[in-house]
Amino acid sequence: MKIKFTWLGLLLIPAWLPAQNWSLDDCIREALTTKEALLSAQLDIASAEQGKKGSYSSVMPSFRLSGGWQESRFPERAFALDPITGEPIIGSGTSKVSSVTSISSGFSGSGTLYDGGRWWNTIAQASNNIVIARQRTRQTRINVIRDVENAFFSQLKAERLLEVAQKNLELSTRQVELVQQQFDLGSVKKTDLLKAEVRKGQARMDLLNREVALRSAQRNLLNAMGHAPSDPPFQLKEDDAPLKPIPDPAAAKTILEQSNPALLAVKSTVEDANLSLNLIKGARLPSLNYQLSYGASSDALSSLGKAYQDKWSLNAGLSLSFPLFSGFDLSTKTQQARINVTKKVLEEASTRKDLLVQLSAAMDGLKAYHDIIPITRDVLRSAEEDLNLVEKRYALGSATILEVLDAQVSVVKARSDVITTLYDARIQEARVDALLGVLDKSITNN
């Protein structure tokens, strides 16, 4: 089934725009490359990955290279050289000095051997933050796809309903012309002509409303794809894919638990709260740190190298610390962290219940559409057959114009119901897949 692009759409598209029929997949891919919300969410992943890299600093040693220069000036004093270090001793000896210069450099390192498991929990928390960022990005991606499908099928529905309105106006116009001829011949009453003209006026109003609805649907699709509403609208290709089977409720619940990114993100926030609690508990445990330094000093830069051979110094040490009392700070933070864990667990349970309720309602709606679609098609066939019989009876003079107009209204409504129900079912199908968390599966690798 192909969509005929209406004269309204042709008027809205500039002559320089190349003709292209956009499929649903085309529109989704375009949105995934241009939608700002998704691009922003992807930056959150990059930020979380940098946080993971930074978390390793708690277990990696820290190295520092230092250097210094110092000069002291004073009234001339006697000095002697220390026989061991070679440094001047002011106030003794026979030599005179009025300044002392000291140049030093060194290399030092320090790190943590044990800190109560805080370094491990810090790394685990950073890894968990990446999981949360990825799930939230998936949710944003699914929302973008769902919005595009909604807008895509809404525009197709608006185009099809506009075609129905155009055909209805054409039919009403011909009906007025026919009744006018019969009225001129005196075979029908004035009231018949007036009824036909009223029907034509209603058809014109319906066409205008459908045109407005189409322009609105086109703008919504442009926005869903990340384009400006003032951009030229897209010509769409009809999606002929049949409706998918409705998933079994029990299987759907399992899929939601395993795939819905909103629920998975909330589950990860529970893990994040537990890791935060472990970090605070680790602050109550002893910590073991080490440090190492090597350096030398001299009274001149030229002799600094020799000082590293003769007058160097090497220092190494271990330090063990154990918190005894922190003014209730640790106990308060521990209680707050436990409360936060409970809060996150409750949020997870609430999110799960909300999603299951939404899924149940969405699946009920989809099932209703599956049942209604064949009914609307049967109604349309009956309405078209009834209109055909009424028109034949009217031509023979055994039916009134009112019966004809009523039959025409029934056909128009039946056609509109078929179109509306079909596209609303596709929109509802996207909502179900979005809640299940599988809407992005088919385009993950695109």
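The values are calculated or read from the model by the stated rules, or taken from the named source; none is laboratory data. It should be emphasised that the depicted structure is a prediction, and the values quoted were computed from it without experimental measurement. Cβ coordinates were reconstructed from backbone atoms using ideal geometry, including for glycine residues, and neighbour counts include every protein chain displayed.
Observations on the structure shown:
- So N150, is it farther than 30 Å from L435 by Cα and either modelled with pLDDT of 85 or more or buried (at least 22 other Cβ atoms within 10 Å of the Cβ) (or both): no
- Scanning the stretch 311-337 for residues that are of a type in the set (D, E, K, R) and either within 30 Å of the chain's Cα centre (by Cα) or part of a loop (DSSP other than H, G, I, E, B) (or both) turns up just one, K311.
- The one condition from (1) part of a helix (DSSP H, G or I); (2) buried (at least 18 other Cβ atoms within 10 Å of the Cβ) that G295 does not meet is (1).
- Answer from L396, L422 - the residue that is under 20 Å from K157 (Cβ atoms) and either surrounded by 17 or more Cβ atoms within 10 Å (Cβ to Cβ) or without any contact (Cβ under 8 Å) to a residue 60 or more places away in the chain (or both): L422
- Screening the candidates S293, S297 for the property of being touching a Ser or Thr at 6+ places or on another chain (Cβ under 7 Å) and within 25 Å of L113 (Cβ to Cβ) yields one hit, S293.
- No other residue among A283, A217, A273 is more than 30 Å from G437 (Cβ to Cβ), touching a Lys or Arg at 6+ places or on another chain (Cβ under 8 Å) and not aromatic (F, W, Y) apart from A283.
- Filter result for L330 (on the phi < 0 side of the Ramachandran plot and in contact with an Asp or Glu (Cβ under 9 Å, 6 or more places away or on another chain)): no
- Yes/no for R219 being farther than 30 Å from T140 by Cα and either buried (at least 18 other Cβ atoms within 10 Å of the Cβ) or under 52 Å from the mean Cα position of the chain (by Cα) (or both): no
- Top-ranked residue of the stretch 52-90 - restricted to ones that are part of a helix (DSSP H, G or I) and surrounded by 15 or more Cβ atoms within 10 Å (Cβ to Cβ), ranked as modelled with the lowest pLDDT: S58
- S382 vs. criteria loosely packed, with under 15 Cβ neighbours inside 10 Å, hydroxyl-bearing (S, T, Y) and over 28 Å from M205 (Cβ atoms): no
For every residue, the table says whether it meets (1) surrounded by fewer than 18 Cβ atoms within 10 Å (Cβ to Cβ); (2) at pLDDT 90 or above; (3) out of contact with any Lys or Arg (no Cβ under 9 Å at 6 or more places or on another chain).
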site: T254; (1), (2), (3): yes, yes, yes
site: A262; (1), (2), (3): no, yes, no
site: S268; (1), (2), (3): no, yes, yes
site: L277; (1), (2), (3): no, yes, no
site: Q309; (1), (2), (3): yes, no, yes
site: N315; (1), (2), (3): yes, no, yes
site: L324; (1), (2), (3): yes, no, yes
site: V345; (1), (2), (3): yes, yes, yes
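- Pair list, Cβ under 8 Å, 6 or more apart: the stretch 361-381 residue touching a residue at least 12 places away in the same chain (Cβ under 8 Å) and within 13 Å of S410 (Cα to Cα), other residue of a type in the set (S, T, Y) and buried (at least 17 other Cβ atoms within 10 Å of the Cβ): T376/T421
- Within the stretch 154-212, the set of residues being in a helix (DSSP H, G or I), among the basic types (K, R) and either over 30 Å from R426 (Cα atoms) or free of Cβ contacts under 8 Å to residues at least 24 places away in the same chain (or both) comprises K167, R174, K190, K195, R199, K200.
Quick grid of which residues meet (1) at pLDDT below 90; (2) farther than 30 Å from A37 by Cβ; (3) surrounded by fewer than 20 Cβ atoms within 10 Å (Cβ to Cβ); (4) out of contact with any Cys (no Cβ under 6 Å at 6 or more places or on another chain):
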position	(1), (2), (3), (4)
F183	yes, yes, yes, yes
G186	yes, yes, yes, yes
K189	yes, yes, yes, yes
A196	yes, yes, no, yes
R210	no, yes, no, yes
A213	no, no, yes, yes
A250	no, yes, yes, yes
E271	no, no, yes, yes
